[in-house]
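The values are calculated or read from the model by the stated rules, or taken from the named source; none is laboratory data. As the structure is a prediction and not an experimental result, all values here were calculated from the model. Note that we place each Cβ from the backbone using ideal geometry, even for glycine, and neighbour counts take in every protein chain shown.
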Amino acid sequence: MSKIKKLTTFQKVSLVFILVGLLNYIQGIIVAVTQKDWNLLIGKILSLAIMAIIVYLLKNRIFGGWKNLMKQRDATREQFERSKGNINIKDAAIFSLTWSREIYKNIPDDRKQLVKTSFILIGIAGGIIMFHLGRYGFLTMVVIAGLILAGVNLLIWVVGSERQEKDRLAIELETARKMQMSLMPSHAPEILGFDIAGTCIPAMNVGGDLFDFVWFGKNSHKLCIPIVDVSGKGMDAALTAVYTSGALVSEAQHEENVLTVVGNLNSAIYSRQNRSRFVSLLMVALDTDSHSIEYINAGQSQPLLARNNNVSILKGLGSRFPLGIVKTPQYLAQGLQLIKGDIMLLYTDGVTEAMNNKEEMYGEERLRILFLNLTYQGLTAAGIISEIKNEVLRFSGLEQQHDDLTLVAIKML
């Protein structure tokens with residue numbers, strides 16, 4: 001036994017209008033006969049006859065011109081979308097009515113039942129109106145129904161398009177977040193005499209922060225610790241971070257000189273990047289044999305060094321241009337000999353520029369004082385980072401995090 005094909009919402013609504021129209025005509029004929037209003041009766045019968053003749057005469061032409069109708073339909077949609085909403089009422093109505101089925105298909109699944117209910121309510125209201133319109137009720141109702149359908153379709157199209165755009169952005173945002181987090185090291189390096197830890201908390205709109213632990217060259221006694229912050233947000237920033245991370249790892253594994261690595265990285269980014277986007281970098285090279293570091297700061301936040309119950313700012317030397325801005329910047333490497341008990345804190349501006357509901361930034365001074373106080377507590381590198389992260393988040397309160405928070409702590413035991 002063949003299954004009965006289920007009617008679409010549009011077909012159901014159409015049937016309702018047809019039935020209501022027929023009932024209206026039947027009611028009119030009954031009233032005309034009862035009241036012996038022969039003019040009304042003749043008018044009703046002639047109207048039905050004329051509509052039947054028109055449909056019969058134009059039947060072949062309508063079906064014969066279907067391809068042309070479809071071409072016109074496609075042209076209307078192309079014109080409508082190209083206009084970006086700046087279109088006259090006639091063209092908007094044509095687009096709305098001729099693309100009804102596609103518009104309904106794009107309704108989010110969790111809203112389809114509400115739309116169906118809305119059309120049922122509109123149909124019931126339309127039927128009631130038509131019964132009270134008298135002899136001209138059917139034709140008037142057809143015009144009213146067409147206008148209502150066109151207007152409702154346009155609203156559905158606008159809402160559906162916005163929902164699709166939001167869904168697309170949400171998917172892109174989640175993809176960018178996963179890409180960004182995949183660049184972070186899964187665990188900190190275990191080095192005799194050192195305690196190292198790092199973390200990155202992406203913002204809601206995803207920035208381009210990343211940190212990494214990469215061994216220089218072939219000897220594996222010098223650890224590269226880069227802190228990167230890509231300008232911009234979303235997928236563009238994430239893709240730039242992916243490229244930067246790959247180029248950085250490749251350079252570090254083939255070159256032991258930190259200045260050469262940064263210079264080559266700048267050239268690679270400069271040759272590929274739009275000048276409106278840049279990459280700030282703090283490159284720290286830790287020599288595990290000599291217990292010394294070299295660092296180059298290319299537009300990144302200045303690191304802090306806790307030593308002998310005091311916190312100092314490591315300002316660095318040479319050019320401070322972020323990567324990708326200048327073709328041949330004059331970067332210089334600054335050296336520092338570490339001693340037992342030293343703690344070095346690397347961070348991005350998402351930490352110091354975090355805001356509370358009074359639009360106050362957390363600031364460098366708060367961070368310096370907090371860092372100094374934490375050094376007295378004998379915390380591990382991971383503990384120090386956790387306390388700073390929690391304090392910054394407490395400071396921000398319910399305010400949305402607008403930039404990534406990235407922290408790395410290096411503690412010499």
- line: Among helices (runs of 4 or more DSSP H) entirely inside region 341-413, those with 3 or more residues being assigned by TED's automatic domain parsing to the domain that holds residue 241, crowded, with 21+ Cβ neighbours inside 10 Å and not polar (S, T, N, Q) are 381-396
message: Step by step: first the residues of region 168-197, then only those that are assigned to a loop (DSSP other than H, G, I, E, B), at pLDDT 85 or above and not aliphatic (A, V, I, L, M), then the one that is farthest from residue 413 (Cα to Cα). Which residue is that?
response: 185
Of residues in region 274-298 being surrounded by 20 or more Cβ atoms within 10 Å (Cβ to Cβ) and farther than 29 Å from residue 193 by Cβ, the one modelled with the lowest pLDDT: 278
- line: If we ask which residues in region 288-336 are at positive phi and in contact with a helix residue (DSSP H, G or I) (Cβ under 7 Å, 6 or more places away or on another chain), their number turns out to be 1
- prompt: Mind checking whether some residue in region 301-318 is at pLDDT 90 or above and within 29 Å of the chain's Cα centre (by Cα)?
  reply: yes
message: Anything in region 310-340 that is within 30 Å of residue 376 (Cβ to Cβ) and either crowded, with 19+ Cβ neighbours inside 10 Å or in contact with a Leu (Cβ under 9 Å, 6 or more places away or on another chain) (or both)? List them, or say none.
response: 310, 311, 312, 313, 314, 316, 334, 336, 338, 340
